[in-house]
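Reading through the structure tokens given below for one structure.
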Amino acid sequence: MQGKSNRTKPLPPTPSPQRRGGASQKALLLPLSLWGRGLGGGVSGYSKPSTLPLIAALALAFLLTPEPQAAQNPPPPPAPLYPLKVGNTWEYRHGKQKLVTRVVREEALGADTYAVLETTADGKTILEKVAALPGGVYRSFAEDLKIEPPLCLLKLPVKAGETWIVKCTAGSLPVEGTFTAQEEEVKVPAGAFKAVRSSSPDFRIGTLKMTLTYWFAPGVGLVKQRLQLGDRVEVFELEKFTAAK
């Protein structure tokens, strides 16, 4: 009887992970989230989802998302029809006569602030007090006469065709009339302006009846004034406006 051999039989080779149905070691190093998406060789029983529905949903969300609105600055306020900053100066021509009007200071009248305008012509100076208030342009003093209540030269905001009645006293003289506002272009030595005309065909001071018309241009102020008393016509036109610095 042949004796048993003392040689040990070699062990069968260890099956590779693939042969055991497992994943490769390289796949095991990947996170499960990537592995399950097919980057690690797959997970047993896992079916790779289609990415098309996800892409379509993202595209739809992108299309439905409103574009961000660009920041819009609020529009600048409109230029005042009578800028009354201290230092503003207007130079007018009346025939061969030159007049210079300047805002010299401000004064309070009740709750309102009025600009004191000094007009010089032929060595003489007269004062008037004017205010550009939310409801209109008002004059409260002229040629040493206090006007009560202040006279509305122009109603604000401007509405073409709007009329208003004024009734007040200048010193001891009664003042009354009906004004109408219109928008029109006016040309004077200082240039052409899109202006607002304020006119009264029945303006009366005491027993004197006259036609009185003012033209105001945005950012400049009073650019023209016309007064007709019977057959006599007086016209004042702006030659130059200098804004205060």
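Every residue, every condition in (1) within 24 Å of F141 (Cβ to Cβ); (2) modelled with pLDDT under 95, yes or no:
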site	(1), (2)
V186	no, no
P189	no, no
K194	no, no
K224	yes, no
K240	no, no
K245	no, yes
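Residues of segment 109-134 that are small (G, A, S) and under 29 Å from the mean Cα position of the chain (by Cα): A111, A115, A131, A132. Being over 29 Å from L109 (Cα atoms) and in contact with a strand residue (DSSP E or B) (Cβ under 7 Å, 6 or more places away or on another chain): is that true of P189 here? Spelling it out, P189 is indeed over 29 Å from L109 (Cα atoms) and in contact with a strand residue (DSSP E or B) (Cβ under 7 Å, 6 or more places away or on another chain). Within segment 81-96, is there a residue that is hydrophobic (A, V, I, L, M, F, W, C), over 24 Å from the mean Cα position of the chain (by Cα) and either assigned to a strand (DSSP E or B) or farther than 17 Å from V220 by Cα (or both)? Yes, the conditions are met somewhere in segment 81-96. Does at least one position in segment 103-114 carry a residue that is closer than 27 Å to K245 by Cα, surrounded by 16 or more Cβ atoms within 10 Å (Cβ to Cβ) and either in contact with a strand residue (DSSP E or B) (Cβ under 8 Å, 6 or more places away or on another chain) or in contact (Cβ under 8 Å) with a residue 40 or more places away in the chain (or both)? Yes, because at least one residue in segment 103-114 is closer than 27 Å to K245 by Cα, surrounded by 16 or more Cβ atoms within 10 Å (Cβ to Cβ) and either in contact with a strand residue (DSSP E or B) (Cβ under 8 Å, 6 or more places away or on another chain) or in contact (Cβ under 8 Å) with a residue 40 or more places away in the chain (or both). If the condition is being polar (S, T, N, Q) and touching a Ser or Thr at 6+ places or on another chain (Cβ under 7 Å), then segment 199-209 contributes S199, S200.
Conditions (1) surrounded by 12 or more Cβ atoms within 10 Å (Cβ to Cβ); (2) among the aromatic types (F, W, Y); (3) at negative phi, marked per residue:
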{"site": "P157", "(1), (2), (3)": "no, no, yes"}
{"site": "E162", "(1), (2), (3)": "yes, no, yes"}
{"site": "G171", "(1), (2), (3)": "yes, no, no"}
{"site": "T178", "(1), (2), (3)": "yes, no, yes"}
{"site": "S200", "(1), (2), (3)": "yes, no, yes"}
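Condition check: assigned to a strand (DSSP E or B), out of contact with any helix residue (DSSP H, G or I) (no Cβ under 7 Å at 6 or more places or on another chain) and surrounded by fewer than 16 Cβ atoms within 10 Å (Cβ to Cβ). Does I126 satisfy that? So I126 fits the description; yes. Selection over segment 199-231 of residues that are more than 22 Å from L173 (Cα to Cα) and of a type in the set (A, V, I, L, M) gives a count of 4. The conditions are (1) at pLDDT 95 or above; (2) surrounded by fewer than 12 Cβ atoms within 10 Å (Cβ to Cβ); (3) of a type outside the set (G, A, S), and D144 fails exactly one of them. Which is it? All conditions pass for D144, except number (1). Considering segment 151-199, and only residues there that are assigned to a strand (DSSP E or B) and of a type in the set (S, T, Y), the residue that is nearest to the chain's Cα centre (by Cα) turns out to be S198.
The values are calculated or read from the model by the stated rules, or taken from the named source; none is laboratory data. Computed from a prediction, not measured in an experiment: that's the story for all the values here. Cβ atoms come from the backbone with ideal geometry, glycine included; neighbour counts cover every protein chain shown.
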